[in-house]
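Structure first, commentary second.
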C-alpha cells in the first residue's frame with residue numbers, strides 16, 4: 001500500500017514537505033510517456049524509503065557571521 005511506502009520514507013528523517021518535494025522531482029525526472037503516474041509515484045516513494053541520504057546537505061547552514069541564529073521556543 002502507498003501509506004506503508006510513505007511511512008517508510010518518513011522514517012528516513014525528512015519531514016512531509018521535503019518528502020513531497022523529492023517525490024515531485026523524482027516523478028518529473030523518471031516518468032515515461034504513456035505510463036501511469038501512480039506507478040511512477042510508487043517507484044519514487046520506494047526509492048526514498050530504502051535509500052539513506054545525507055540530510056546535512058538538504059539545508060545548508062549559512063556561514064554569514066552577521067546572520068541571526070534562531071532560538072528555540074519556550
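Before moving on, here are some points about what is shown:
- Of all residues making up the stretch 1-33, the number that are over 8 Å from the mean Cα position of the chain (by Cα), under 14 Å from residue 50 (Cβ atoms) and not in a helix (DSSP H, G or I): 3
- Per-region count, the stretch 38-61, residues modelled with pLDDT under 90 and loosely packed, with under 10 Cβ neighbours inside 10 Å: 8
The values are calculated or read from the model by the stated rules, or taken from the named source; none is laboratory data. Note that the coordinates shown come from a computational prediction; the quantities given were computed from them, not determined experimentally. No Cβ is skipped: glycine too gets one built from the backbone with ideal geometry, and neighbour counts run over all protein chains shown.
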